[in-house]
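Have a look at the structure below, then the notes.
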Amino acid sequence: MRLESFVRGSWTAPGQELAEVRSAVTSDVVAQVVSGGLDMGEVLAYARQVGGPNLRRLTFHQRAELLKRLAIYLTERKEQLYKISYQTGTTRSDNFIDVDGGIGTLFVYASKGRRELPNSTFLLDGSVEPLSKAGSFVGQHVLTSLNGVAVHINAYNFPCWGMLEKLAPALLAGVPVVTKPATITSYVAHALVRMIAESGILPEGALQCVIGSTGDLFDHLTCQDVVSFTGSADTAQKLQRHPVIAREAVRFIAERDSLNAAILAPDAGPGTPEFDLFVKEVAKEMTVKAGQKCTAIRRAIAPNAHVPAVIDALRERLSKVQIGNPELENVRMGPVVGLGQRRDVLAQVEKLRAEADIVVGDLENFNVEGADRERGAFMPPLVLHCPDPIRATNVHRVEAFGPVCTVMGYDGLDEAVTLANRGDGSLVASLYTYDPGAAADLVFGVGAFHGRLVLIDRDCAKEQTGHGSPMPHMVHGGPGRAGGGEELGGMRGVHHYMQRTALQGSPGMLSKVTQSWIKGAPAIEKDRHPFRYHFEDLEIGQTFVSKLRTITLEDIEHFAEFTGDTFYAHMSEEATKDHPFFPGRVAHGYLLLSFAAGLFVDPDPGPVLANYGLDSLRFIKPVQPGEAIKVRLTAKAKSPRNEQYGEVRWDVEITTDKDETVANYELLTMNAVRP
Ligand code: NAP
């Protein structure tokens, strides 16, 4: 199979440089990669001129809908990807992580995009900042889509997940993608891009794929582009030093390798559920994807007293792992990705052996089922033990990117923290303890050196998602050696592809520009109550001011008896004497809210279909019997939902007859669109 790049809407391989890609299982040639010959300036220009405008024309909800359709389309075809992936050495459950994990990320972003983003093309960031005494000058941050290209360079170990987890937030942000898979597994990524292209779901120009070398692509980058790189620290540094990255201040997100730790706390000795969970997780992280995971556990840190038991338990567990042809059902671990990778892992193991001994696994003597041990890149899981980890250096620095882990002992939690942090910045650490005090010491001891911490104990054992699984909702990335980047993390990942701009101006002008009413903007009062307007006819800023209602002691007592809320502040003058907030008996906050609804509601059937909640409620001034309140209701923002209705956010302010603010909040209603 000769792999072509997908650029400017078609498949092409104009280059002359040919590289062969071999199966991890048999070493047979499975694909030919042609590099070079692509005009990278034109590839980027096509993304900027065609893909970008096509995406930015859509709202966040429309882009989320594309992601969902794509996820459904790929789910129906995932078996094809599984089949191709076996040649990379991965078992069915490895493929589940790569393929289903990638598709799952699309689903999560589709759903979060619909729920957490407005149905518009820009985002408000934070709240309005008052910048003047009289209120005629305010500030509001906004995020708008970058006008450039997301250049995604991926590592070989997750050809599907790696591509899709980067694709989802970029497309949701409205930025077209040029993806560059690692050559050795590019035939899987190629098949995935083919599927996406054939689906016709993404708008033209939204996705291009460069197979082989990126040529002079970096020379054409601008300040509107983002490079998101995943791979080794060496390549990251090389790319990050490219002069254009510095000159144009191109955003560069790096996800590099790291020496992740699993830490067994002193309370979690043999016989506890946490000890078993620790052993299970370490063994799993060594064997899933044959240990070729950036998040895999490279250092298993345990109290000195428990180290022999840990090694015995790992030996026992790993002895049951069948190595072999990953297509076979009983095989738990396939080969690493190729003979070159195996050479590389073994060379790194030699460096570790300067400070640690192999205590589990025999390189000469291991059984391989259903495949030729010599032709495939097979190796056994190797556990090393480092007797003096405080003085050692390699065990904290050398990444053997395969089924390799070093066990090291500690004396006291401070030493455990020191050891974990010797990784100089990691993607993840997992902590195994049922002692909240030890958990807190570890979390705050290692937190600054880690992008993610997983606290695994008996209570979450069944449902915990694992040390090595980045979740789309949570940040993936880590400081220092891990690259200093952040991906995923829900909407945080989307923001990487957007520019934050501070807007400053009058409330009226900013309300119009952002389509979000700001206090101080001119009120729009019309003949009819705002509840009489269909979704599309309601104007942002449309306001209704109610008449006054006096609160009586009878009202308060009736409400107290009716609801059962007889809190002393509403019932007893005596009990509120010298109270720091209440001058005497006061009305219930919920009574005020209920009266407010009674004051602003326009009761007849009409376009307002339902009230579906309140946000940001604050009670500011207590109201005593005899005082009068009124309500101002202002249409603050609108977000279309579907063809039948949309969401309206109302700013509500309850004031006294002297215009003192009693409470404010945002009310959400669903309003019908015009029939
Ligand atoms: P790699 O050799 O650094 O390659 C990563 C990517 O960079 C590949 O697509 C590679 O393409 C490309 N590349 C290499 N030189 C380049 C250049 N001069 N210009 C443009 N692109 C270039 O890493 P790998 O061997 O694929 O992956 C294994 C490493 O990745 C491990 O160290 C692992 O820890 C790390 N990793 C990190 C994460 C994370 O999220 N933090 C995830 C997975 C893996 P070619 O294949 O064509 O050379």
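The values are calculated or read from the model by the stated rules, or taken from the named source; none is laboratory data. Keep in mind that what you see is a predicted model, and the values were worked out from it rather than measured. Positions of Cβ are generated from backbone atoms using ideal geometry, with glycine treated the same way; all protein chains shown enter the neighbour counts.
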Of the conditions (1) in a helix (DSSP H, G or I); (2) at pLDDT 95 or above, the single one that Lys83 does not satisfy is (2)
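Condition check ((1) modelled with pLDDT of 90 or more; (2) farther than 25 Å from Ala150 by Cβ) across all residues:
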site: Gly15; (1), (2): no, no
site: Leu18; (1), (2): no, yes
site: Val34; (1), (2): no, no
site: Leu44; (1), (2): yes, no
site: Val50; (1), (2): yes, no
site: Thr59; (1), (2): yes, no
site: Gln62; (1), (2): yes, no
site: Glu65; (1), (2): yes, no
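For the range 431-473: of the residues being assigned to a loop (DSSP other than H, G, I, E, B), within 18 Å of the chain's Cα centre (by Cα) and over 25 Å from Phe252 (Cα atoms), which is farthest from the ligand (Cβ to nearest atom)?
Gln464
Restricted to the range 293-316, and to residues that are β-branched (Val, Ile, Thr) and within 16 Å of the ligand (Cβ to nearest atom), which residue is farthest from the chain's Cα centre (by Cα)? Walk me through it before giving the result.
Filtering the range 293-316 for residues β-branched (Val, Ile, Thr) gives 295, 297, 301, 307, 310-311.
From what is left, the residues that are within 16 Å of the ligand (Cβ to nearest atom) are 295, 297.
Details: Thr295: 15, Ile297: 21 Å.
That would be Ile297.
For (1) at pLDDT below 95; (2) on the phi > 0 side of the Ramachandran plot; (3) crowded, with 16+ Cβ neighbours inside 10 Å; (4) under 43 Å from the mean Cα position of the chain (by Cα), each residue gets a yes or a no:
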residue: Ser506; (1), (2), (3), (4): no, no, yes, yes
residue: Met509; (1), (2), (3), (4): no, no, no, yes
residue: Phe531; (1), (2), (3), (4): no, no, yes, yes
residue: Gln542; (1), (2), (3), (4): no, no, yes, yes
residue: Arg549; (1), (2), (3), (4): no, no, yes, no
For the range 1-39, the count of residues that are more than 22 Å from Ser85 (Cα to Cα), in contact with a helix residue (DSSP H, G or I) (Cβ under 6 Å, 6 or more places away or on another chain) and among the aliphatic types (A, V, I, L, M) equals 1
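From Glu248, Glu204, Glu198, grab the single residue that is surrounded by fewer than 20 Cβ atoms within 10 Å (Cβ to Cβ), closer than 30 Å to Gln504 by Cβ and over 19 Å from the mean Cα position of the chain (by Cα). Spell out how you get there, then give the answer.
Working: Glu204 fails: closer than 30 Å to Gln504 by Cβ; Glu198 fails: closer than 30 Å to Gln504 by Cβ.
Of Glu248, Glu204, Glu198, the one residue that is surrounded by fewer than 20 Cβ atoms within 10 Å (Cβ to Cβ), closer than 30 Å to Gln504 by Cβ and over 19 Å from the mean Cα position of the chain (by Cα) is Glu248.
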Within the range 177-192, residues touching a helix residue (DSSP H, G or I) at 6+ places or on another chain (Cβ under 9 Å), assigned to a helix (DSSP H, G or I) and within 11 Å of the ligand (Cβ to nearest atom) come out as Ile184, Thr185, Ala189
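Consider the range 193-214. How many of its residues are within 28 Å of Lys238 (Cβ to Cβ) and either near the ligand (Cβ under 9 Å from one of its atoms) or assigned to a helix (DSSP H, G or I) (or both)?
Within the range 193-214, the subset within 28 Å of Lys238 (Cβ to Cβ) is 193, 207-214.
From what's left, either near the ligand (Cβ under 9 Å from one of its atoms) or assigned to a helix (DSSP H, G or I) (or both): 193, 211-214.
Matching residues across the range 193-214 total 5.
Name the residue, out of Phe252, Phe218, Phe278, that is more than 11 Å from the ligand (Cβ to nearest atom), aromatic (Phe, Trp, Tyr) and out of contact with any Phe, Trp or Tyr (no Cβ under 6 Å at 6 or more places or on another chain). Even if it seems obvious, please write down each step before you answer.
Values: Phe218 fails: more than 11 Å from the ligand (Cβ to nearest atom); Phe278 fails: out of contact with any Phe, Trp or Tyr (no Cβ under 6 Å at 6 or more places or on another chain).
Exactly one residue qualifies, and that residue is Phe252.
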| message | Among the residues that make up the range 164-176, is at least one of them of a type in the set (A, V, I, L, M), modelled with pLDDT of 95 or more, within 15 Å of the ligand (Cβ to nearest atom) and farther than 19 Å from Arg251 by Cα? | response | yes
Picked from the range 390-411 (must be part of a loop (DSSP other than H, G, I, E, B) and touching a residue at least 40 places away in the same chain (Cβ under 8 Å)), the residue nearest to Gly269 (Cα to Cα) is Asp411
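Just name the residue that is nearest to His152 (Cα to Cα) out of those in the range 474-499 that are away from the ligand (no atom under 16 Å from the Cβ) and touching a Ser or Thr at 6+ places or on another chain (Cβ under 9 Å).
Tyr497
Among residues belonging to the range 344-372 that are more than 34 Å from the chain's Cα centre (by Cα) and closer than 16 Å to Arg22 by Cβ, point out the one that is surrounded by the most Cβ atoms within 10 Å (Cβ to Cβ). Give the derivation first.
Pass one, the range 344-372, residues more than 34 Å from the chain's Cα centre (by Cα): 347, 350-351, 353-372.
Then drop every residue that is not closer than 16 Å to Arg22 by Cβ, which leaves 371-372.
Numbers: Ala371: 23, Asp372: 12.
Ranking the candidates gives Ala371 first.
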The residue that is farthest from Lys289 (Cα to Cα), considering only those in the range 6-38 that are part of a loop (DSSP other than H, G, I, E, B) and among the polar types (S, T, N, Q), is Gln16
Within the range 222-238, the residues that are under 22 Å from Pro169 (Cα atoms) and within 12 Å of the ligand (Cβ to nearest atom) are Val227, Ser228, Phe229, Thr230, Gly231, Ala236
Selection from the range 558-593 of residues free of Cβ contacts under 8 Å to residues at least 12 places away in the same chain and either part of a helix (DSSP H, G or I) or not assigned by TED's automatic domain parsing to the domain that holds Arg528 (or both) yields His558, Glu561, Phe562, Tyr568, Glu574, Ala575, Thr576
Taking the range 1-27 and keeping only residues that are among the charged types (D, E, K, R) and touching a residue at least 60 places away in the same chain (Cβ under 8 Å), one is left with Glu4, Arg8, Glu17, Arg22
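For the structure I just gave you, tell me whether Arg92 is at pLDDT 95 or above and within 31 Å of the chain's Cα centre (by Cα). Steps first, please.
Details: at pLDDT 95 or above: no; within 31 Å of the chain's Cα centre (by Cα): yes.
The answer is no for Arg92.
Yes/no per residue for (1) modelled with pLDDT of 95 or more; (2) on the phi > 0 side of the Ramachandran plot:
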| position | (1), (2) |
| --- | --- |
| Val349 | yes, no |
| Asn367 | no, no |
| Gly370 | no, yes |
| Pro381 | yes, no |
Expected single match for more than 28 Å from the chain's Cα centre (by Cα) and modelled with pLDDT of 95 or more among Phe229, Phe275 is Phe275
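Considering only the range 575-583, I want to know if a residue exists there that is modelled with pLDDT of 95 or more and aromatic (Phe, Trp, Tyr). Don't jump to the end; show me each part of the working.
Here is the first cut: in the range 575-583, the ones modelled with pLDDT of 95 or more are none.
No, the range 575-583 contains no residue that is modelled with pLDDT of 95 or more and aromatic (Phe, Trp, Tyr).
Condition first: of a type in the set (Gly, Ala, Ser) and outside any loop (DSSP other than H, G, I, E, B). Now tell me which residues in the range 474-499 satisfy that. Before you say what the answer is, go through the steps one by one.
Keep residues of the range 474-499 that are of a type in the set (Gly, Ala, Ser), which gives 477-478, 480, 482-485, 489-490, 493.
Residues satisfying the conditions are Gly480, Ala482, Gly493.
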